[in-house]
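Okay, so here's the structure we're looking at.
Computed from the coordinates by the stated procedures, all read-outs in this text should not be read as laboratory data. What you see is a predicted model; the values in this text were computed from it and never measured. Here the Cβ positions follow ideal geometry from the backbone for every residue, glycine too, while neighbour counts run over all protein chains shown.
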Amino acid sequence: MSIQSFVVNQVLRLTFKPKRGTPLNVTAARKKVAQAARRNPPVPKDVRHVPVPASAASGLCAAEWLSVERPARTVLYFHGGGYFFCGLDTHRPVCGYLARVAQAQVLSVDYRMAPEHVFPAAVDDAVAWYAALLRQGVSPANITVAGDSAGGGLAVACLLAARERGLPMPAAALLFSPWVDLACSGETMHTLADADVMFQPELLPQAAALYVGDKPLTEPLASPLYADLRGLPPMLIHASRHEILLSDSTRLHERARAVGVASQLLLRDRLPHVWPTMVMLPEARRSLKESARFMEQHTR
């Protein structure tokens with residue numbers, strides 16, 4: 001573990017991880033990440049940043065492109081944040097870095113979030129943008145659908161919704177610590193509660209309840225772990241051995257492979273949840289380069 005990761009782990013444990021029994025506070029969480037995003041570095045000069053406003057006529061939410069001059073592939077990216085916080089600004093650094101190392105154009109999607117917009121609003125926004133890329137002439141063989149945490153779950157849900165609508169599958173899926181079980185039934189939710197530097201296990205069910213509303217927590221498009229995964233594209237899953245959502249990644253990997261989906265699971269020790277999004281970490285940059293190689297192998 002690098003010294004940078006050691007410091008980040010300590011800072012997250014002291015300033016981000018709430019005390020046991022603290023209730024979920026949407027306003028406070030949004031304020032905290034907004035303040036942190038203001039300290040993000042600027043987009044690299046060799047990466048173009050193009051905001052895309054929402055279009056009611058097209059049924060598309062806001063988004064933004066981060067792209068190298070001559071992109072070889074396309075990434076459709078969904079940010080994490082428990083379906084209730086984070087956004088384009090918080091994830092601009094990882095999308096910009098991914099664009100650079102993968103020689104890609106990355107479309108980061110500002111999907112609707114809870115509690116203002118409950119499930120399936122986020123899924124509708126995700127698959128609408130995927131369909132829009134296809135209408136715009138982007139080949140599915142050129143597209144990787146990606147996301148972190150809740151955005152990783154949303155990426156898988158997007159694939160499932162696209163399959164339901166008869167849309168062709170993209171070339172690949174890239175997932176960073178995906179949250180795919182909103183019932184929070186994984187054993188590491190409890191066995192790794194102390195080791196996890198970011199989350200207390202009782203907060204995730206609260207976030208899940210905000211998102212699903214009156215729908216079952218095991219609804220497949222909300223919790224893709226419970227879906228039929230057959231026919232989905234190859235997946236690369238990154239997860240930490242010291243995060244409470246580890247069981248989500250291991251079970252998704254196992255269930256995907258059980259139905260013939262090619263899945264690769266890369267596990268790392270003593271790193272925080274969604275560390276690949278923390279581009280100041282050497283381990284993050286290494287994981288993003290591994291992800292770029294995966295996309296190079298599967299897209300054309």
Inset, instruction - Pop a pseudo-label 7 angstrom from the Cα along the beta-carbon direction at both E164 and E202 and give the gap in nm to one decimal. - result: 3.4 nm
Legend entry - Antiparallel bridge percentage (DSSP; both residues within the chain; nearest 5): 30 percent
Inset, instruction - List, largest first, the extents of the alpha carbons of region 104-173 along their principal axes, each in whole Å. - result: 34, 25, 18
Legend entry - region 217-300 - convex hull of alpha carbons, volume per residue in Å³: 107 Å³
Inset, instruction - Order the peptides 244-257, 132-145 from the highest to the lowest mean number of other Cβ atoms within 10 Å of their residues. - result: 244-257, 132-145
Inset, instruction - Normalising by the residue count of region 109-213, find the relative contact order in percent from Cα pairs under 8 Å and 6+ residues apart. - result: 30 percent
Inset, instruction - Note down the relative contact order for region 169-300 as a percent, whole number, built from C-alpha pairs under 8 angstrom at least six residues apart. - result: 31 percent
Legend entry - Surface/4 estimate of mean projected area, convex hull on alpha-carbon atoms of region 149-291, nm²: 8.3 nm²
Inset, instruction - Scale the Cα Rg of region 146-210 by the rule-of-thumb value 2.2 N^0.38 Å and send over the ratio, two decimals. - result: 1.30
Inset, instruction - Give me D for region 24-114 in µm² s⁻¹, whole number, from Stokes-Einstein with Rh from the Kirkwood sum over alpha-carbon pairs, 25 °C and 0.890 mPa s. - result: 178 µm²/s
Inset, instruction - Starting from the Kirkwood radius over alpha-carbon pairs of the chain, derive D by Stokes-Einstein at 10 °C in a medium of 1.306 mPa s and give it in µm² s⁻¹. - result: 84 µm²/s
Inset, instruction - Quick one, could you list the DSSP H helices from the chain stretching 20 Å or more along their long axis (Cα atoms) with average Kyte-Doolittle hydropathy of 1.0 or above? - result: 150-164
Inset, instruction - Find how many whole Å separate the alpha carbon centroid of region 275-296 from the alpha carbon centroid of region 15-67. - result: 19 Å
Legend entry - Label-point separation in nm, Q10 to R135, each point 7 Å along Cα→Cβ: 5.2 nm
